[in-house]
Amino acid sequence: MTEVIYKIVQHDGGWAYQVEDTYSETFPDHDTALAAARRAAAEQQVGGQTRTISWEDSSGQWHREVSDGGDRPETTVVD
C-alpha cells in the first residue's frame with residue numbers, strides 16, 4: 001500500500017503542507033496549515049466510487065488516471 005506523508009513546513013512567507021516535492025497553498029500560521037493537512041489526509045482515506053483523477057508530478061507535468069474507489073493510500077501528518 002502507498003503511504004502519503006504530509007509535512008508542515010515554512011513556505012513562501014507563511015506555512016504550508018508538503019507532500020514529496022509539492023506544496024499546498026500558503027497559510028498564515030502553523031495551526032491553520034496543520035488543520036488543512038489533517039483534512040486533506042482524512043479525505044484521502046475515504047473510499048468511494050472509481051474516478052478519473054488528475055495530479056501534478058514534481059516536474060510540473062499533469063497526469064490523468066483512473067483511481068479505484070477502494071484503493072486508498074495510508075496517510076500520515078508530520079508536525
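Of note:
- Taking the accessible area of the chain, probe 1.4 Å, and keeping the other protein chains in place, the carbon and sulfur fraction comes to 44%.
- Scattering curve values for the chain, log₁₀ I(q)/I(0), Debye with Cα scatterers, q = 0.11, 0.15, 0.21 Å⁻¹: -0.31, -0.57, -1.01
- In order through the stretch 33-41: 3J(HN,Hα) via Karplus (6.51 cos²θ - 1.76 cosθ + 1.60), integer Hz, x for Gly, Pro: 5, 5, 4, 5, 5, 5, 5, 4, 5
- Theoretical ellipticity at 222 nm over the chain - DSSP helices of four or more residues, -39500 (n - 2.57) apiece, nearest 500: -6500 deg cm²/dmol
- A convex hull fitted to the Cα coordinates of the stretch 38-79 yields 84 cubic angstrom per residue.
- Rounded to the nearest Hz, the phi-derived 3J(HN,Hα) couplings of the stretch 25-31 under the Karplus curve 6.51 cos²θ - 1.76 cosθ + 1.60 (θ = phi - 60°) are 4, 8, 10, x, 8, 4, 5, where x marks glycine and proline.
- Residues whose amide H lies under 5 Å from that of TRP15, counting only those 5 or more places away or on a different chain, are PHE27, ASP29; hydrogens are built 1.01 Å from N in the peptide plane.
- For the stretch 59-66, backbone phi angles converted through the Karplus equation (6.51, -1.76, 1.60; θ = phi - 60°) give residue-by-residue couplings of 8, x, 8, 8, 10, 10, 7, 8 Hz, Gly and Pro being listed as x.
- Normalised per residue, the accessible area of the chain is 71 Å², obtained with a 1.4 Å probe and no contribution from ligands, DNA or RNA.
- The H on the amide N of SER67, modeled in the peptide plane, is under 5 Å from the matching H of ARG51, THR52, ILE53, each at least 5 residues off or on a different chain.
- Close amide-amide hydrogen proximity is noted between TYR6 and THR76, VAL77, VAL78, each under 5 Å apart and 5 or more residues distant or on a separate chain (H modeled in the peptide plane; Pro and chain starts excluded).
- Using C-alpha pairs below 8 Å separated by at least 6 residues, the relative contact order for the chain is 35 percent.
The values are calculated or read from the model by the stated rules, or taken from the named source; none is laboratory data. Not measured: the values here are computed from a predicted model. Quick note on the areas: whole protein, heavy atoms, side chains included, nothing else; ligands and nucleic acids left out. Shrake-Rupley method; radii C 1.70, N 1.55, O 1.52, S 1.80 Å.
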